[in-house]
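The structure appears right after this line, and notes come after that.
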Amino acid sequence: MKIYRELGERVDRAFERAGRDVRSFARIAADALHDAHIPERSGPDDVLAWVFAASELPPQNDLAEAFGEPPITVYRGRDFHVEVLFWLRTVTTVHGHGFSGAFQALSGERLQTRHAFVPATQAEAAAKAEVAPNAETAAPAEVLTGEVRHLGGEVLTGEVRHLGGEVLTPGDVVEINRDLVHAVVHLEEPSATIVVRTGSDPDAGPQLDLRAPWLAHDPFHTAEARLRKVQALRLLCQTDEPRALARAVDLLARADLATTLDVLDLTYRTFGTEAHIAPLLDAARAHHGPALAAKLLDVLREDRRLRAAQSLRRTTSDPTARFFLALLHHVPTRDDMLPLIAARFPGADPIGLIERFLDDVSGTSRAGVDTADPLTRALLHAMLRADTPEAIRRHLARTFDRRQIEARAPDLDRHADRIRNTVLGPLFRTRAPRAPTGDRP
């Protein structure tokens, strides 16, 4: 396509003037995308029409559609290429990048959240010095260097930090460099993204996925023996559950952390309940210790919550509901959500909008919460305005008899905790220090 050929040639000339120094490529790509104004001149349908009409295409990247539905390479230059990624239902993981470049929203809005990872050694050193690791002000590159750059396929423990979020609209450009650790939820389907990128950046380190709240790993590292063991275990999970659980326990008694995570991932997704995999969790505790096992369990629970949020997104085409469901993916607390809601709906009451959203997704079989129940509705109202059990009960006492509220305090506290552990959990969390929850009730 001429418009993308011109973009690629512009990038190539600027890259040549910079001595093909990869450290300059992100800025070159971003400037070229800004200057080309492609979303104002052409749309995703033009790309599809070109694909169908062309007798030949440039050599295509990612034929397996690992990232994009599909990804279409529209220009191939020296040491870089340009592609248009289409998106339907994908919600990206929180991930870094092993390459440099820039992307531009071509069509459709999307919520981008930015993150950082603080390795456990750094977090522990800060704790000993009685200083919180400051991922909000430190460059993400600083907390993704050192031991992370030599991860080698292993799982690294630490803390996933949320740095902020923004809604990107067609024309917006974001540089892809070592500082960019993000996740993207597309608010419209389909949407499309232009990416100008190198094949890889040898100085960038592994392209990590972050798994909130405690882990980082390299999803592109393949350990053959580990992969085959997990594949064989998957076969047993589908054909012989008792033998699968016995084999899993045996594996976990001697497994490294990466294998432990893979085994727990598979069995938790397959069998669905913590009670079902209790012997496996016991084996992980015995082998890796209770603190690390508690972090693994937190990660499994968060993954389950993310899958539930994605399932809910598939049940609605309402733009407002889809925006709130996007927030539930990678925005960890209500404190982090409120500025995004206020920016999206200027002049509206963010808490009131959240309550309307709760009505939209109400139902124990949908979001796990039924707002038609008067006590649950009052409890939700209180939880959106207060954080401690005592403060929540004071809010409830404005509607219900105080003595009854105090008499039922343990039940109310358990109900509130159950709500926090549904797909809606981030709506009822604030920016408090996080600790592994372990075997919470």
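May I ask for the angle, rounded to the nearest 10°, between helix 334-344 and the longest principal axis of the chain, with both axes built from Cα atoms and the value confined to 0 to 90°?
Orientation of helix 334-344: about 50 degrees from the principal axis.
Expressed in nm², what is the orientationally averaged projection area of the convex hull enclosing the Cα positions of the range 204-340?
Taking the Cα atoms of the range 204-340, their convex hull projects to 10.7 nm² on average.
What do you get for trypsin sites (Lys or Arg not before Pro) in the range 38-82 restricted to DSSP loop and a cutoff of at most 16 other Cβ within 10 Å of the site's Cβ?
Arg78
Just to be sure I understand: with springs between alpha-carbon atoms less than 10 Å apart, which residue in Phe80, Phe52, Phe117 has the highest mean-square fluctuation in the Gaussian network model of the chain?
In the Gaussian network model the winner is Phe52.
Order Lys295, Lys2, Lys229, most accessible first, counting only protein heavy atoms with a 1.4 angstrom probe.
Lys2, Lys229, Lys295
What is the helix-to-structure angle for 290-313, meaning the angle in degrees between its Cα long axis and the longest Cα principal axis of the chain, kept from 0 to 90 and rounded to the nearest 10?
The two axes meet at around 70 degrees.
Quick check: the angle from helix 278-288's long axis to the longest principal axis of the chain, C-alpha only, nearest 10 degrees?
Roughly 70 degrees between the two axes.
Under Stokes-Einstein, with the Kirkwood radius over Cα pairs standing in for Rh, what whole-number D in µm²/s applies to the range 29-129 at 37 °C and 0.692 mPa s?
It comes out at roughly 199 µm²/s.
With Cα extents along the principal axes in Å in mind, check (i) 75, 51, 43; (ii) 66, 59, 56; (iii) 75, 57, 51 and report the label derived from this structure.
Structure-derived value, by its label: (iii).
Given the alpha-carbon gyration tensor of the range 356-439, what are the semi-axes of its equivalent ellipsoid in whole angstrom, ordered largest first, with each equal to the square root of 5 times an eigenvalue?
19, 18, 12
The values are calculated or read from the model by the stated rules, or taken from the named source; none is laboratory data. Please read these numbers as outputs of a predicted model, since none were measured by experiment. Methodologically, a virtual Cβ is constructed for each residue, glycine included, from the backbone with ideal geometry; neighbour enumeration extends over all protein chains shown. For the accessible areas, the whole protein counts, side chains as well, though only heavy atoms, and no ligand, DNA or RNA atoms are used. Shrake-Rupley method; radii C 1.70, N 1.55, O 1.52, S 1.80 Å.
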